[in-house]
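Worksheet: one structure, shown below.
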Amino acid sequence: MKPFTFLAPRGLDEAVAMLGEHGPDARVIAGGQSLLLAMKERLARPSALVSVAGVAGLRDWTYSESGQLDIGAATTYAELAEAALRGWHAEIAAVAGNLADRPVRTMGTLGGALCQADPRFDMPALAVGVGAEVDTVSADGVRTRSADELFRPEGGTVLGPGEILTRVRYPAADAYRAVAFEKFRYRQFDAALVSVVCAVRPDGSLRLAVGAVRPRPVLVSATDPAGIADEVLPAAEATTRLRAYQRELIAVLARRAIDRVNDDARS
Amino acid sequence: MQEITLTVNGRAVTATVDERTLLLEYVRDVAGYTGTHNGCLEARCGCCAVEVDGDVVKSCNVLALQCDGASVTTVEGLSPQRVKPVQHITTQSLAGVYAPLDALQADADTLHPLQQAFHRRHALQCGFCTPGMLMVLKDFLEDNPEPTRDEVRGAIAGNLCRCTGYQHIVDAAMDAAEQMRQDTVRAAAAGDA
């Protein structure tokens with residue numbers, strides 16, 4: 001690791017001011033489960049770390065009046081996995097409880113996963129798949145984006161250096177009849193090799209997204225497994241063994257996700 | 001450099017440390033509890049697992065500064081008699097490798113149920129992964145008193161053991177779960193009486 005300054009603000013305004021003060025090389029740290037690994041490899045060399053773990057009001061979840069599920073960005077996976085969420089929101093808790101391993105889930109956060117924007121992570125794919133919204137705060141004020149807008153096509157996020165992700169809002173429980181997240185990984189604590197999110201709207205139409213294949217999670221328009229595989233990873237591009245395997249996995253996981261939502265939607 | 005205070009196994013430890021100090025380094029080098037092992041240093045092997053405010057973390061992937069003011073429990077905190085930090089490696093402490101309970105001046109009854117079960121079920125060979133296994137399983141069994149074998153395997157997915165093949169570790173965890181359930185019942189009965 002390269003030397004850095006560690007700052008622990010208590011409030012959001014203070015955090016934004018600290019980020020501004022320390023310039024573009026300052027980074028936000030929540031749980032640090034991705035950032036610290038990158039810093040040890042010197043892939044990340046922040047001049048300052050602004051910890052949002054102690055910032056009030058970022059580690060909770062509530063239902064808004066319109067029924068949206070509003071989750072603080074510094075909520076850990078472990079907290080999310082234990083949250084009593086209703087309807088299809090239970091799938092968010094299920095995903096949070098089935099990634100990485102137990103000690104990592106204690107520290108790792110929802111917002112951290114979104115900001116890290118690793119395509120193999122589950123939370124970015126799920127957020128894009130169900131059409132979540134994210135709020136950020138910077139010196140210019142509060143800004144809301146859709147999760148789809150958050151991720152750049154070539155990887156990473158569109159967030160500026162002084163921006164802090166504060167809230168993640170998922171559509172109301174009645175926005176979908178059911179949501180299923182399916183993924184494949186070599187070992188239980190590995191990130192996904194392919195992940196597929198399938199949501200059924202009240203009119204019965206499907207909303208599908210595929211993660212871990214492209215540099216960002218992608219929404220697809222096809223609704224049949226073979227079509228989804230063609231759209232995300234055409235046979236012509238699946239030239240390596242890994243890519244060919246991923247192409248097969250997309251169709252298999254899409255089939256599982258679609259079958260599961262259809263079962264859930266009926267019951 | 002920043003001054004921080006962590007409560008390690010019930011003892012307040014204050015030190016001025018470099019910002020880059022990992023919780024693992026703080027626990028081992030500053031507080032002196034070397035039971036927490038440095039395995040991979042990249043959050044893979046789980047040998048460094050400790051509890052921070054009651055939840056298990058991999059201490060090699062957490063900054064000590066992130067835990068300022070927190071209460072940390074290491075494997076030494078599991079059995080109450082082993083709370084004295086080891087300052088030097090001596091022939092006596094090395095002898096502990098061969099007769100660990102004697103060296104600790106402990107007997108099987110004062111160990112944590114998990115430690116007893118590991119001892120009884122031969123759930124360690126070289127013992128390097130054991131502190132991490134114990135801490136993760138303790139946290140898991142406290143939240144899930146009636147696990148299945150598959151769930152136990154899932155709980156230690158982030159802990160690597162190259163000796164045992166995990167079979168005896170799962171055996172020990174199931175044993176310990178049973179013991180901890182009985183202890184809970186007994187404690188509740190004692191509370192009623």
For A:LEU206, work out the one condition from (1) free of Cβ contacts under 8 Å to residues at least 60 places away in the same chain; (2) in contact with a Phe, Trp or Tyr (Cβ under 6 Å, 6 or more places away or on another chain) it doesn't fulfil. (2)
Options A:PRO46, A:PRO24: the member that is surrounded by fewer than 19 Cβ atoms within 10 Å (Cβ to Cβ) and either under 22 Å from A:GLU133 (Cα atoms) or in contact (Cβ under 8 Å) with a residue 24 or more places away in the chain (or both): A:PRO24
Which of the residues belonging to the stretch A:177-212 are hydroxyl-bearing (Ser, Thr, Tyr) and part of a strand (DSSP E or B)? A:SER195
Which one of these is over 22 Å from A:ASN262 (Cβ atoms) and in contact (Cβ under 8 Å) with a residue 60 or more places away in the chain: A:PRO215, A:PRO234? A:PRO215
Got at least one residue in the stretch A:111-127 being crowded, with 21+ Cβ neighbours inside 10 Å and within 14 Å of chain B (Cβ to nearest Cβ)? yes
Out of (1) away from every other protein chain (no Cβ under 12 Å); (2) touching a residue at least 12 places away in the same chain (Cβ under 8 Å); (3) over 15 Å from B:ASP55 (Cα atoms), the odd one out for B:GLY165 is which? (2)
Which condition number does B:TYR166 fail, the rest of (1) surrounded by fewer than 19 Cβ atoms within 10 Å (Cβ to Cβ); (2) under 18 Å from the mean Cα position of the chain (by Cα); (3) closer than 14 Å to B:CYS47 by Cβ being met? (3)
Subset of the stretch A:225-251 [among the aliphatic types (A, V, I, L, M), surrounded by fewer than 16 Cβ atoms within 10 Å (Cβ to Cβ) and assigned to a helix (DSSP H, G or I)]: A:ALA226, A:LEU242, A:ALA244
Which listed residue, of B:ASP192, B:ASP143, is free of Cβ contacts under 8 Å to residues at least 12 places away in the same chain, of a type in the set (D, E, K, R) and within 14 Å of chain A (Cβ to nearest Cβ): B:ASP143
Residues (within 14 Å of chain B (Cβ to nearest Cβ) and more than 21 Å from the chain's Cα centre (by Cα)) located in the stretch A:13-38: A:HIS22, A:ALA26
With the condition kept exactly as written, say whether any residue in the stretch A:231-242 is within 21 Å of A:ASP122 (Cα to Cα) and basic (Lys, Arg). no
Are any of the residues in the stretch B:177-192 farther than 19 Å from B:LEU78 by Cβ and assigned to a loop (DSSP other than H, G, I, E, B)? no
Could you please give the count of residues in the stretch A:89-106 that are in contact with a strand residue (DSSP E or B) (Cβ under 6 Å, 6 or more places away or on another chain), closer than 17 Å to A:VAL196 by Cα and facing chain B (nearest Cβ under 9 Å)? 0
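Read-outs throughout are calculated quantities, based only on the coordinates presented, and are distinct from any laboratory measurement. These numbers were taken from a predicted model, which means no experiment stands behind them. All Cβ positions, glycine included, derive from the backbone under ideal geometry; neighbour counts span all protein chains shown.
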